[in-house]
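Report on the following structure.
The values are calculated or read from the model by the stated rules, or taken from the named source; none is laboratory data. Everything numeric here is computed off the predicted structure, so don't read it as measured data. Neighbour counts are summed over all protein chains in view; Cβ atoms, including those assigned to glycine, are modelled from backbone coordinates with ideal geometry. Note: areas computed on protein heavy atoms with side chains; ligands, DNA, RNA excluded. Shrake-Rupley method; radii C 1.70, N 1.55, O 1.52, S 1.80 Å.
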Amino acid sequence: MKMTFRWYGENSDSISLKQIRQIPGMSGLMGVLDYKAAGEVWTEDEIKAYVDQVHAAGLECEVIESVNVHEDIKMGLPTRDKYIENYITTIRNLAKYGIKVIVYNFMPVFDWLRTDLAHPIDEDGSNSLYFDEKDLGTMGPMDLVKKTAEGCNGFSLPGWEPERLAELETTLKQYEGITPDDLRANYKYFLDAIIPVCEEVGIRMACHPDDPAWPVFGLPRIAHSQEDFDKIVALHDSPANGLCLCTGSLGSNPENDIPAIIRHFGEMNRIPAMHIRNVKYLGYHHFREASHLSKEGDLDMFEIMKAVYETCPDTYVRPDHGRMIWDEVGRPGYGLYDRALGATYLNGLWEAIDKMSRKN
Ligand code: DNO
């Protein structure tokens, strides 16, 4: 397991590389060029500048996240081929600078969704990301976009890049009539084009699950259960076609047994990357994010880390979506303190599991 941290770049993060380097056991980043629009080529110069800076801070940069897939690819429009070509150029460029895993998603329009980005946690005075489907009742997609933009403390949020949302109404209309099977067929077309290139250059793709783990606003979503991912890995059978197993995204649906899902795909060698965090269930389609500690949420982090240890021990891991604590102001979900505590806790579980298994 390699412990990593998400960092948005010098001009876009409240956290410095130096701070990240000082978190115990931190090997490197899951990096991102957050200013790149979906479909745009990530140039060699841009990648080199980012990676050099990370290396200079004493950290590795073997995973890149959010190389966003253009909506035309997801919708299967005739223009998709040009965007797939761009994607392939980006894959080749990233490989040249030592990237081994690309985390991405195939969710129509929205990446992740929350109804509140700073929901107070009464017990301890912190706040966290929160979702209640009932609150969506009165909100249309445009209202939610507005609310999210207003609640992000001036930072851009992954998946909520303004250029992707500018044409939201048109895009939502275009999705009408696209079924989950259509979306899967378009996904296969994309994978058939990119996976042979990934195999050639030594990159593994890691698909992030739908978050929350069910369809929203009537859009087709095809990545929120073990069955869904069984279909995805079968679309193009290769270890380069893997998943970024996000415990909190899949875990937003209590029917998803997270340790069992890790074991299932870990044994198949399909988990090149993971986001590990905890969620607390508050009712039907209603949850908030919790600290990483098992007893503060509903996921069993010990069983999760044990499943990783036993079935995909070489995966890249990062803590995810911290609460805002100690009066920190930053990008919702991406402050320093709670994620650093999360990393340390996960490293502690790992050490205990490792020492126990060596003894036995
Ligand atoms: C949310 C993140 C996601 C993830 C993307 C990858 O906080 O986990 O935005 O990076 O889905 O494309």
Problem - Test for Phe131: is it in contact (Cβ under 8 Å) with a residue 60 or more places away in the chain, among the aromatic types (Phe, Trp, Tyr), out of contact with any Asp or Glu (no Cβ under 7 Å at 6 or more places or on another chain) and within 12 Å of the ligand (Cβ to nearest atom) - result: no
Exercise for the section: For segment 134-156, state whether one or more residues are crowded, with 18+ Cβ neighbours inside 10 Å and charged (D, E, K, R). Expected result: no
Fill in the blank from the handout: Exception for Asp314 within (1) open to solvent by less than 10 Å² (accessible area, probe 1.4 Å); (2) within 27 Å of Gly202 (Cα to Cα); (3) charged (D, E, K, R); (4) part of a loop (DSSP other than H, G, I, E, B) falls at (1)
Exercise for the section: Report whether or not Ile84 is of a type in the set (A, V, I, L, M), away from the ligand (no atom under 16 Å from the Cβ) and closer than 22 Å to Leu191 by Cβ. Expected result: yes
Fill in the blank from the handout: Taking segment 4-27 and keeping only residues that are away from the ligand (no atom under 16 Å from the Cβ) and not basic (Lys, Arg), one is left with Glu10, Asn11, Ser16, Leu17, Gln19, Ile20, Gln22, Ile23, Pro24, Gly25, Met26, Ser27
Handout entry: Residue check for Asp122: more than 15 Å from the chain's Cα centre (by Cα), more than 16 Å from the ligand (Cβ to nearest atom) and open to solvent by 40 Å² or more (accessible area, probe 1.4 Å)
Key = yes
Handout entry: Scan of segment 24-59 for residues that are β-branched (Val, Ile, Thr) and either farther than 19 Å from Arg331 by Cβ or more than 21 Å from the chain's Cα centre (by Cα) (or both), ordered by number
Key = Val41, Thr43, Ile47, Val51
Problem - Residue count for segment 87-114, restricted to those that are more than 12 Å from the ligand (Cβ to nearest atom) and either closer than 30 Å to Lys280 by Cβ or among the basic types (Lys, Arg) (or both) - result: 5
Exercise for the section: List every residue pair whose Cβ atoms lie under 6 Å apart, where the two residues are 6 or more positions apart in sequence or sit on different chains, the first residue falls within segment 46-72 and is within 15 Å of Leu94 (Cα to Cα) and within 16 Å of the ligand (Cβ to nearest atom), and the second residue, located anywhere, is open to solvent by 10 Å² or more (accessible area, probe 1.4 Å) and hydroxyl-bearing (Ser, Thr, Tyr). Expected result: Val63/Tyr316
